[in-house]
1. So Glu220 fits all but one of (1) out of contact with any Gly (no Cβ under 7 Å at 6 or more places or on another chain); (2) open to solvent by 30 Å² or more (accessible area, probe 1.4 Å); (3) touching a residue at least 12 places away in the same chain (Cβ under 8 Å); what number is the exception?
2. Do you know which residues across segment 630-645 are open to solvent by less than 30 Å² (accessible area, probe 1.4 Å) and in a helix (DSSP H, G or I)?
3. Which of the residues spanning segment 652-671 are closer than 21 Å to Pro588 by Cα and either of a type in the set (A, V, I, L, M) or in contact with a helix residue (DSSP H, G or I) (Cβ under 8 Å, 6 or more places away or on another chain) (or both)?
4. Applying the selection to segment 776-800, what residues are among the β-branched types (Val, Ile, Thr) and either modelled with pLDDT under 95 or in contact with a helix residue (DSSP H, G or I) (Cβ under 9 Å, 6 or more places away or on another chain) (or both)?
5. Just to be sure I understand the filter: pairs with C-beta atoms under 7 Å, separated by 6 or more residues or on different chains, first member in segment 462-484 and free of Cβ contacts under 8 Å to residues at least 40 places away in the same chain and within 24 Å of Glu506 (Cβ to Cβ), second member of a type in the set (Gly, Ala, Ser) and outside any helix (DSSP H, G or I). Which pairs pass?
6. List the number of the failed condition for Val72; all other conditions in (1) open to solvent by 10 Å² or more (accessible area, probe 1.4 Å); (2) more than 37 Å from the chain's Cα centre (by Cα); (3) hydrophobic (A, V, I, L, M, F, W, C); (4) modelled with pLDDT of 95 or more hold.
7. Of everything in segment 744-762, what is open to solvent by less than 30 Å² (accessible area, probe 1.4 Å) and either closer than 14 Å to Lys831 by Cα or in contact with a His (Cβ under 7 Å, 6 or more places away or on another chain) (or both)? Give them in sequence order.
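The values are calculated or read from the model by the stated rules, or taken from the named source; none is laboratory data. Just so we're clear, the structure is a prediction, and the values are computed from it rather than from any experiment. Backbone-built Cβ (ideal geometry, glycine too); neighbour counts: all protein chains shown. In case anyone asks, the SASA skips ligands and DNA or RNA and just uses the protein heavy atoms, side chains included. Shrake-Rupley method; radii C 1.70, N 1.55, O 1.52, S 1.80 Å.
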Amino acid sequence: MPQDNEIRPQKPEGDTTVGLQNGIFTYRIPDTDLAHGSSLGNAHAWAASKATGALESLFNTDIGRKVTGSLVVNIFAPYRDLLLYSRREAELHEMGADTIVRLTTTGPGTFTIHPAYQEHSYSLINDIHVTETFFLPNTGFDDPAAAIQIIDIENLSTWEQSLAVIGCLYLPGDTNKDIQTRFDRGLGAVIAWNQDNPDWVRAFASLPDPDAYLVTHDIEEAWNPRYPLPNKNDETGEVVASLQLSIFLRPGEKKRFAFIVAFTPDGQKKIGSVIKYASDYEKLLQKTINRYEKVLKTADVMTPDTIINQGAQWCKANMLRVLANYPTGIAFTNDPGISSNVVIRDAAWFVFGSDFMIPEASCDLLHEAAKRQHDSGLIIEYYDARTGGSEDYGLNINDNTPLFILAAAHHVEATGHRSCLRNLYPVMVKAAEYIISQEDERGLVFCSARGTGAYGIAGWRNIIPGRSINGAVTEINAECYAALAAIARICKMAGESEKADRFAQEAENLRKAINEHLKNPANGMYYLNIDVDGNTITEVTADEIFPMIFGVSDEDTSQRITMRLSNPDFMTSAGLRTVSRLNPLFTPDRLIGLQGGVWPGVTWWYAMASVQSDPSVMVESLERSYRQYIISPASFNTVPGQFSEWFDGETLVNRGMRLSPWEPPRFLWAMIEGAVGLNVRGCQAEVKPRIPRKWNWLRVRNLHTSIGTISFFAARIGERLLFYTASGFMKAENTELYDSDLTELITPISADIIAAAYGRGDEIIACFGDTSGEKKPAPFNAAQMLDNARRYSVQVYQSEIGQWVDLGRHSGGSLSRLSIEIEPYGFVLFKFGQ
């Protein structure tokens, strides 16, 4: 596990301290300040953890069930309890055993929360220090269902100690309580299966092999025994299994071991290979860390705002955690650890982010949705990732059809996947034709459903019980306009110009119809909908953002909507409420937050909607909701770094999923296509950052697109942004193009400094941006970048001064370790010429 000295602390958020490990943001927090622990996933499993750090449950994606309950680990020492011993003296004497006593903590411990794992450190009486590291192997899309708890125990006392470490696992999970077991000495594991499903096999193992075990109905005796475990497993049904490791520690000695919880739906012959795979736990942990680092350093965006930088990394960590390899392909479900349903609207929004980090996931999600398209062209509501079954709730149209087109177009344009263009193009065209077929005499897309909830709401808030949002819905029409415009571009890419022109005209006709019929003359914004009975619903909700996001509203209307939603009845310190706090229907703590809760993802839609008119609103919106994830976790029911689902509209306490799969990609989308300003349309791409005046710099690395990989450092020189880059296709007049990216060769000493470097011919440019908000020295190591034997002419540009200054000629050796002051949130550029 990473050592303490690898963490460079930054500014705390309340009791949460931010650190860096190999460029990855981590969080440290007292173990008294969490309401629950991290949620982790891999190709075939999902595991939540408790506020104690204990595994809460292991969910297997292949069968869609929790296959075990909690694993708790306690440490005992051999102290004689005279009262208990006297009752069983003869028996214990015959066993050669004595009573054992659970060691208690001496005070609060500390959690370190890393994208790949969770670490819990604490001290026990007897001067014993313990570090527990919990993770799921996540090295690709083939890892089996296994959770691993690594235990490091150190004897800080001056005397030798014998200890018993006992792990206790609740075996049934949420399956039938008909568990049968055997102890496998070859595997050093309790093997457990369901009587009615004998192929559902769990293994509870330890490394090294356990010294004793117990399977029993008696939960108390299993997790908190007074005597060493008796090597029995003759009980069945609702049982727990305990494993005991006996260890001896000299003063100052430290030992490591691990508990493994594994599952297979393929019978006892398969469980051995799962245990064997998980047994190499140290290598698996490092491979898991490596995978997260690789993904998090893809589409890497750094800004002067450290809160936003943390969100830009952790959104990718959350997206990687929720992806699993289901029988139908790579996917995520609408409630990891509970549901197996893949909702198309959620998958579509996921694609907007995953295209830039795990495009193969986008491919699978889009192709699975395309397979289930109705003959009419309608796109379904969801499919079951295990069985392939699907549902559409009987609606003639909702948001899934246009969002599928938008996501597929985004995927083709952003990634350049030609095979996806070939395979998805006919499905997209068919869906677009279906949209046009659902237009009424006004030219508006019309949902004819008369039900309530999922059977009568056409948009994203479709599970409000007893409510209908049908007819001509502004949200749906705005999405359909954007979908028709998108398919027009894709038709051009496919070489069908006439079809492209027709769809482009249909899109423009729909935009005009929206602004003619769905715009409210009383407030200059948009109706929620005109329902199936012709009633005009003027209710102002967060759904006003959709005409802005999708380019339907003009500048004046967009500014009016932005201003209205920024009022305190909508906007909170954690983000945007779905409806006004003053609305009679405002329900802040129920209805999944859809009628008054604060959804971070809606706030980030608002950020994207506002980026054109006011980039500062975008930045404030991104920061608001992410900051809520990391402050006072126990009070707000969050885990630092995890994107929970929705907050109570009054108390701002998380009342939704601990880790929501659909919030993270919207943050990443807002960063890349909002702040960075990447715009890929057809076969063309441009980068026009839309950043507030207070941001003087921006660094982007490893942003993979259909036209190449984008990396640059943008610095505000006077009134313009100047780009320093080695990405050859960036040829704008404000671009300084270099031949090679040297960023890996330069090392800032402070975690608050973001660096980039590029070289061409005899010139090197080194760029440094500050995130600390403090004026202070910024030392860096340039030894790998410069040649000791050469002499360099050196120039420096400080954002605070605003001009280049000549620093003379120096040998490369004398320039290997440099330092310069940077103004708060400012930047410095060094030019080294030979």
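1. All conditions are met except number (3).
2. Ile630, Pro633
3. Leu652, Val653, Asn654, Arg655, Gly656, Met657, Leu659, Ser660, Trp662, Glu663
4. Val794
5. none
6. Unmet for Val72, out of (1) open to solvent by 10 Å² or more (accessible area, probe 1.4 Å); (2) more than 37 Å from the chain's Cα centre (by Cα); (3) hydrophobic (A, V, I, L, M, F, W, C); (4) modelled with pLDDT of 95 or more: (2).
7. The answer is Ile746, Ala755, Ala756, Ala757, Tyr758, Gly759.
Quick grid of which residues meet (1) touching a Lys or Arg at 6+ places or on another chain (Cβ under 8 Å); (2) within 20 Å of Thr306 (Cα to Cα); (3) in a loop (DSSP other than H, G, I, E, B); (4) in contact (Cβ under 8 Å) with a residue 12 or more places away in the chain:
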{"site": "Asn679", "(1), (2), (3), (4)": "yes, no, no, no"}
{"site": "Pro689", "(1), (2), (3), (4)": "no, yes, yes, yes"}
{"site": "Arg693", "(1), (2), (3), (4)": "no, yes, yes, yes"}
{"site": "Phe713", "(1), (2), (3), (4)": "yes, yes, no, yes"}
{"site": "Phe723", "(1), (2), (3), (4)": "no, no, no, yes"}
{"site": "Ser727", "(1), (2), (3), (4)": "no, no, yes, yes"}
{"site": "Glu733", "(1), (2), (3), (4)": "no, no, yes, no"}
{"site": "Ala751", "(1), (2), (3), (4)": "yes, yes, yes, yes"}
{"site": "Ala757", "(1), (2), (3), (4)": "no, no, no, yes"}
